Structure formats: C-alpha cells, structure tokens
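Reviewing the structure listed below.
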Amino acid sequence: QVQLVESGGGLVQAGGSLRLSCAASGRTLSTYAMGWFRQAPGKEREFVGVSTWSGGSTYYAESVKGRFTISRDNAKNTVYLQMNSLKPEDTAVYYCAARYSSGYYYREREYDSWGQGTQVTVSS
C-alpha cells in the first residue's frame, strides 16, 4: 500500500494561489489514479479532482474547474494541486487519495490510501 503525505496548505487571501503537494512512498504513483478531496467545517468530504494513472487525463468538480490543476512529477513520486483564484468557500482540509488502478474515480470509497490532510484557509 502506498503512503501519502500532503503539504503546502496555509492562509491566503481571496484571489491568491497555493500549490499543494502529495508525496508518496512505498509504491510508484505512476500506477495509481490520484484524487484530491476536501472537507470544510461541518460538511461532508467532497471530490475536487482526479488524475488518471498515466497522468494523461484529469477531471475536476465544477466548483473548481478552470481554477485548479492537478499535475504529476513521477521522478519525485509526487502529485500537485495548483489552486488559483482562491475563494473563501475553498477553505477546507484537503486530502489526496490513491487507487491502484487505471481510470478515474469520484467517490471516497473507491480509494485505497489517504493522506492526513492539509488545511487551506482563504480569507476575504
């Protein structure tokens, strides 16, 4: 099983940018579909985006489409979530997740491994 560690969260003003990292150990990420999820206070965890294991395709929730981008650096075994034009409603704990499979997945239960999460706070 792959171990995941997120980093890069913090406090940013509305309109600003952050880049989250998800570093993997134990297995190579090139054979995993990698998803990003987030959980705001008092809300359920929700899908943000996913990168297929080849990195050739990415899919995003409507709420972040055009603002967030997922990328991979297979040499570093790391996946990134670039977040631009941040809004206060993007405030949440962000999680990366991995599934040892091709394809793309939107549901939490479809993922095998999870990171511990990193807090993102967007001030207005």
message: On alpha carbon coordinates alone, what is the Rg over Rh value for the chain, Rh being the Kirkwood radius?
response: 0.94
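Probe of 1.4 angstrom, ligands and nucleic acids ignored: what's the accessible area per residue over the chain, in square angstrom?
Result: 50 Å² of accessible area for each residue.
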- request: Kindly rank 70-76, 39-45 from highest to lowest mean number of other beta carbons found within 10 Å of each residue.
  value: 70-76, 39-45
- request: Take ARG38, ARG19, ARG109, ARG99 and sort them by solvent-accessible surface of the protein heavy atoms, 1.4 Å probe, largest at the top.
  value: ARG109, ARG19, ARG99, ARG38
- prompt: Top to bottom by accessible area (1.4 Å), largest first, where do TRP53, TRP36 land?
  reply: TRP53, TRP36
task: Starting from the Cα of ALA14, move 7 Å in the Cα-to-Cβ direction to define the label point; list residues of region 46-86 whose amide nitrogen is under 16 Å from there.
output: 84-86
message: Just to check I understand the Karplus step: with θ = phi - 60° and J = 6.51 cos²θ - 1.76 cosθ + 1.60, what whole-Hz values come out for region 94-107, glycine and proline as x?
response: 9, 10, 9, 9, 10, 9, 7, 5, 7, x, 9, 9, 10, 9
message: With θ taken as phi - 60° and the coefficients 6.51, -1.76 and 1.60, list the Karplus ³J(HN,Hα) couplings across region 24-33 in order, rounded to whole Hz; mark glycine and proline as x.
response: 10, 9, x, 8, 7, 6, 5, 10, 10, 6
- prompt: Counting pairs of alpha carbon atoms under 8 Å apart in space and at least six apart in sequence, what relative contact order in percent does the chain give?
  reply: 36 percent
statement: The lysines whose Cα lies under 29 Å from the Cα of LYS87, excluding any fewer than 8 residues away in the same chain, are LYS43, LYS65
field: Accessible surface of the chain [probe 1.4 Å, protein heavy atoms]: carbon and sulfur percent
entry: 45 percent
- request: Search the structure for amide H atoms under 5 Å from the amide H of LYS87, placed 1.01 Å from N in the peptide plane, and list their residues when 5 or more places away or on another chain.
  value: GLY15
message: When only alpha-carbon atoms are used, what values of Rg and Dmax, in angstrom, describe region 53-124?
response: 13.0, 39
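The values are calculated or read from the model by the stated rules, or taken from the named source; none is laboratory data. Quantities reported herein were computed from a predicted structural model and do not represent experimental measurements. Here the Cβ is made from the backbone with ideal geometry for all residues, glycine too, and neighbour counts use every protein chain on show. Just the protein is used for accessible areas: all its heavy atoms, side chains included, with ligands, DNA and RNA removed. Shrake-Rupley method; radii C 1.70, N 1.55, O 1.52, S 1.80 Å.
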